[in-house]
1. Taking R0 as 51 Å, what's the FRET efficiency between residue 23 and residue 132 from their Cβ-Cβ distance, rounded to 0.05?
2. Each residue of the range 161-170 in order: what ³J(HN,Hα) in whole Hz does its phi give by Karplus 6.51 cos²θ - 1.76 cosθ + 1.60, θ = phi - 60°, with x for Gly and Pro?
3. List, in order, the whole-Hz ³J(HN,Hα) value for each residue of the range 319-333 obtained from phi through the Karplus relation with A = 6.51, B = -1.76, C = 1.60 and θ = phi - 60°; use x for Gly and Pro.
4. Could you order peptides 250-260, 203-213 by the average number of other Cβ atoms within 10 Å of their residues, highest first?
5. Run the helix sum for the chain: -39,500 (n - 2.57) per DSSP H stretch of 4+ residues, divided by residue count, reported at 222 nm to the nearest 500 deg cm²/dmol.
6. Residue by residue, what Karplus-based ³J(HN,Hα) values in Hz, rounded to whole numbers, does the range 450-456 have, using 6.51, -1.76 and 1.60 with θ = phi - 60° and x for Gly and Pro?
7. Count the net charge of all other residues whose Cβ sits under 13 Å from the Cβ of residue 48, scoring Lys and Arg as +1 and Asp and Glu as -1.
8. Amide H of residue 224 versus every other amide H placed in the peptide plane: which residues, excluding those fewer than 5 positions away on the same chain, fall under 5 Å?
Amino acid sequence: MAACVSRVELSVSCRSLLDRDLRSRSDPLCVLLQDAGGGRWAELDRTERIKNCQDPEFCRKLVVDYYFEKVQKLKFCVYDIDNKTFDLNDDDYLGGIECTLGQVVSSSVFTRPLELAQGKPAGKGTITISAEEIKDTRVVYLEIEAQNLDKKDFLGKSDPFLEFYKQGDAGTWQLVYRSEVVIKNNLNPCWRKFSVPLQTFCGGDFNKPIKVQCSDHDSDGSHDLIGAVQTTLAQMHTAGPGSPVEFECIHPEKKQKKKSYKNSGIIRVKSCQIETEYSFLDYVMGGCQINFTVGVDFTASNGDPKSPDSLHHISPDGINEYLIAIWSVGSVVQDYDTDKLFPAFGFGAQVPPSWQVSHEFALNFNPSNPYCPGIQGVVDAYRQILPQIRLYGPTNFSPIINHVARFAAHSMQQGTAAHYYILLIITDGEITDLDQTRQAIIGASKLPMSIIIVGVGEADFKAMEFLDGDNGVLKSVTGEPAARDIVQFVPFRQFKNAPREALSQVVLAEVPKQLVSYYKWKGWPPLKPPELKAM
């Protein structure tokens with residue numbers, strides 16, 4: 001889960017704040033709180049206090065950890081500070097808002113009216129929040145070779161590998177990269193092109209000292225130093241096609257002992273490129289819309305909805321596993337879709353008026369406009385359709401996958417990172433068209449699309465686990481492999497007694513990586529790329 005976290009910097013400004021001071025204007029400060037559960041709020045950060053200002057633009061940024069797979073409820077509270085105490089209970093409240101971090105990061109600028117209490121405006125006061133990911137998204141790509149390295153092995157040549165170190169503030173050297181491939185028996189090796197995040201490589205400082213060590217690999221771990229080079233990224237960055245940068249590889253002990261010693265070989269930087277590697281937040285903040293579609297299994301294996309044993313039976317408190325899955329996943333994803341209209345389909349039921357079996361029918365019975373207003377609209381459509389259809393079969397996934405894939409294919413033709421599609425399929429697991437579904441997933445893996453399958457009930461989900469591809473690359477019947485892993489399967493029974501948000505966290509944990517890997521594969525930057533820092 002930690003792989004999906006980013007740190008986000010929030011810039012806050014307000015307009016037309018209430019004036020609580022008699023002889024001067026208010027002295028505002030903004031506090032950021034996060035929902036800690038059970039009606040409690042925990043303070044995360046606060047801005048500086050600005051004196052005598054009703055339209056403050058706070059300089060100090062608010063910092064918060066961001067997880068795509070969680071609904072992170074935030075509260076921004078503005079106070080008029082008239083004393084030096086940290087406690088805010090003795091300060092005048094100028095208004096606040098509640099929102100989710102998802103709403104903020106998916107808006108280029110997020111403006112809301114301030115409220116003193118729910119439904120009670122704080123005069124004409126407004127708050128504006130904008131988000132920026134704290135991350136140097138640049139990556140260093142290096143191609144390196146060596147010439148005439150010293151021979152270290154008695155019966156053969158050297159088996160050289162490279163290690164890169166950056167110098168810390170205290171002068172110590174910190175390992176930042178070790179070449180994975182040891183080149184056997186070669187005094188003129190050429191290593192495979194590799195990349196290191198710029199932040200890791202040199203902390204973003206092009207003049208930070210970098211040490212490159214070349215050693216002879218020994219299987220027992222007692223590697224012998226061939227020699228070392230000290231340089232900077234600024235020096236390496238001058239390498240280009242036809243003009244490599246060369247460094248003498250020096251063994252310090254040999255240099256001290258032999259007056260005639262020149263070097264232990266030459267390290268040559270063939271190319272050093274610095275490229276931007278965009279993150280999930282770069283795409284979302286740059287304007288990428290995440291389009292969410294729901295597919296619900298209405299096959300007879302679920303059981304008669306009138307029976308309490310049925311997976312579609314709605315309990316006295318108004319829920320079942322299907323509804324919980326829709327709410328859990330949808331409540332996170334809806335913040336990333338501006339129109340909040342979600343197409344929702346059923347499959348495997350006999351549908352009126354012809355009572356033909358359909359594998360792709362709109363939950364709202366409107367095939368020309370299957371969109372439901374918000375996640376609540378999907379839930380309402382599900383509840384209304386349940387008594388009007390007959391659960392039947394077979395369980396075919398491929399029609400609904402191909403339906404969403406057609407939209408994703410159309411979006412792909414635009415050649416921009418404008419739309420990404422998530423299909424949530426909720427099923428009891430008895431799939432009938434496994435071969436066609438495999439083929440549909442292989443096709444979808446080339447599109448801006450992810451598929452989430454939530455298995456409800458106690459069935460054997462081996463087919464779902466097979467589609468997930470975690471045990472190897474999914475292949476079609478003809479042997480064509482998936483271009484990338486786009487399926488995430490989760491059995492609901494693992495979350496029966498867990499908090500509601502636990503399901504969405506596991507189900508959605510892979511989506512940011514899947515989205516980024518797709519656009520990286522295509523070579524598409526965000527619609528509005530973040531501004532690059534100068535070198």
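The values are calculated or read from the model by the stated rules, or taken from the named source; none is laboratory data. None of these values were measured; they are calculated from a predicted model. Note that we place each Cβ from the backbone using ideal geometry, even for glycine, and neighbour counts take in every protein chain shown. Just so you know, the surface numbers come from the protein's heavy atoms only, side chains and all, with ligands and any DNA or RNA stripped out. Shrake-Rupley method; radii C 1.70, N 1.55, O 1.52, S 1.80 Å.
1. Details: r = 37 Å, r/R0 = 0.73.
The calculated FRET efficiency here is 0.85.
2. With coefficients 6.51, -1.76 and 1.60, one gets 9, 10, 9, 10, 10, 10, 8, x, 4, 8 Hz.
3. 10, 8, 5, 4, 5, 4, 5, 4, 5, 4, 7, x, 5, 7, 5
4. Details: 250-260: 11.4, 203-213: 16.8.
Most protected by this proxy first, the peptides run 203-213, 250-260.
5. Details: 12 runs with 105 residues, N = 535.
My calculation for the chain gives -5500 deg cm²/dmol from helical runs alone.
6. 10, 10, 10, 10, 10, x, 9
7. Working: positive: 46, 49, 51, 60, 61; negative: 27, 45, 57.
Neighbourhood net charge equals +2.
8. 216, 218
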